[in-house]
Amino acid sequence: MAAEPVLITGAGGFVGQALVRALAGTRSVIATDRTGLDFVDLPSVTALPGEIDDPALVAQLTAAPVGAIVHLATIPGGAAEGDPALAARINVAAPMALLDALAAHGNAPRLIFASSIAVFGDPLPPHVDDATPARPMLFYGAHKAMIEEWIATLTRRGALRGLSLRLPGIIARPLAPSGMKSAFLSNLFHALKAGEPITLPVSADATCWLLSRRALVGQLVTALDLASDPETSRLNLPALRVRMGDLVAEVARQTGANPALATYAPDPAIEAAFGSQPPLFTPAADRLGLAHDGDIAALVANALADL
């Protein structure tokens with residue numbers, strides 16, 4: 001009998017597309033999203049477009065058991081603040097309905113949930129580790145924390161085997177409206193590669209937790225293939241803690257741009273949320289073999305490869 005497929009929501013997004021391509025040909029994949037499902041050339045991939053809160057799509061996605069789910073679909077931070085009702089529907093009600101329907105088959109599928117460091121809120125403590133409590137300030141972070149708790153409950157009940165992975169900043173995303181308050185982190189790469197000026201809303205001494213899409217996809221695949229369940233269903237992902245001035249210098253070096261093209265005009269709210277990230281300790285994820293990019297040069301090279 002063929003192995004049960006992997007269902008990927010948000011499969012048309014920046015991370016989702018790369019994950020689908022990484023899994024294609026190695027296992028059966030069901031990919032769903034509103035747009036971006038251009039997977040006709042990939043073996044063993046079935047694309048089912050639609051809205052994640054559409055009962056008809058949910059019925060189609062859950063008609064048969066799946067072996068694993070990677071839930072990436074979300075309304076991100078800035079967009080969630082702008083439309084809290086939509087965000088609550090997509091970020092909370094929709095995944096609860098989807099997971100309940102999938103769990104009803106009784107096969108306890110593996111679930112990988114793309115949570116976020118937004119669950120920690122701001123200001124952050126002097127360091128963050130696996131014991132740091134969630135105290136979100138943004139609707140987005142609160143929604144992620146709510147679904148983390150729902151997944152932990154379903155896992156305790158044996159309905160599924162859940163892992164909530166708290167994603168840091170993922171770079172470098174496409175140069176397009178994303179609804180993310182952290183978009184400047186990716187826009188820096190686009191600007192310097194094009195030799196264009198950019199004003200950053202944080203200081204040169206701002207510190208951020210960053211991960212390339214390539215490294216994140218590697219972490220997701222590793223998490224999917226875990227032979228046993230970790231002690232906790234919530235994991236902080238390994239990421240590099242990078243000083244903004246050092247990031248500018250490295251992107252400029254690898255693109256041949258003048259680092260002076262990047263100037264700084266710190267916004268206190270942006271600096272507090274995305275530029276004051278303390279040392280990060282991830283022992284639980286480290287033990288599972290989840291790894292970041294290694295160093296800032298590899299991080300920048302991997303991010304530039306996506307442009």
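The values are calculated or read from the model by the stated rules, or taken from the named source; none is laboratory data. Predicted model, so just to flag it, every value in this text is computed and none were measured. In this analysis, Cβ positions are derived from the backbone assuming ideal geometry, glycine residues included, and neighbour counts consider all displayed protein chains. With ligands, DNA and RNA removed, areas are computed over all heavy atoms of the protein, side chains included. Shrake-Rupley method; radii C 1.70, N 1.55, O 1.52, S 1.80 Å.
Just a few scattered comments:
- Checked against (1) of a type outside the set (Val, Ile, Thr); (2) touching a Leu at 6+ places or on another chain (Cβ under 9 Å); (3) surrounded by fewer than 21 Cβ atoms within 10 Å (Cβ to Cβ); (4) under 30 Å from residue 240 (Cα atoms), residue 133 passes all but a single condition, namely (2).
- Some residue of the stretch 212-230 being under 25 Å from residue 19 (Cα atoms), hydroxyl-bearing (Ser, Thr, Tyr), modelled with pLDDT under 95 and touching a Ser or Thr at 6+ places or on another chain (Cβ under 8 Å): no
- Of the residues making up the stretch 1-16, those that are in a loop (DSSP other than H, G, I, E, B), touching a residue at least 60 places away in the same chain (Cβ under 8 Å) and closer than 22 Å to residue 107 by Cβ number 4.
- Residues being polar (S, T, N, Q), more than 26 Å from residue 21 (Cβ to Cβ) and in contact with a strand residue (DSSP E or B) (Cβ under 7 Å, 6 or more places away or on another chain) are represented in the stretch 203-211 by at least one member.
- Extreme residue, nearest to the chain's Cα centre (by Cα), among residues of the stretch 13-29 that are under 13 Å from residue 70 (Cα atoms) and open to solvent by less than 30 Å² (accessible area, probe 1.4 Å): 15
- Among the residues of the stretch 213-240, the ones that are surrounded by 16 or more Cβ atoms within 10 Å (Cβ to Cβ) and under 24 Å from residue 132 (Cα atoms) come to 13 in all.
- Any hit, the stretch 149-164, residues being in contact (Cβ under 8 Å) with a residue 24 or more places away in the chain, basic (Lys, Arg), surrounded by 21 or more Cβ atoms within 10 Å (Cβ to Cβ) and under 21 Å from residue 69 (Cα atoms): no
- Top-ranked residue in the stretch 242-268 [being β-branched (Val, Ile, Thr) and under 27 Å from the mean Cα position of the chain (by Cα); ranked as most open to solvent (accessible area, probe 1.4 Å)]: 255
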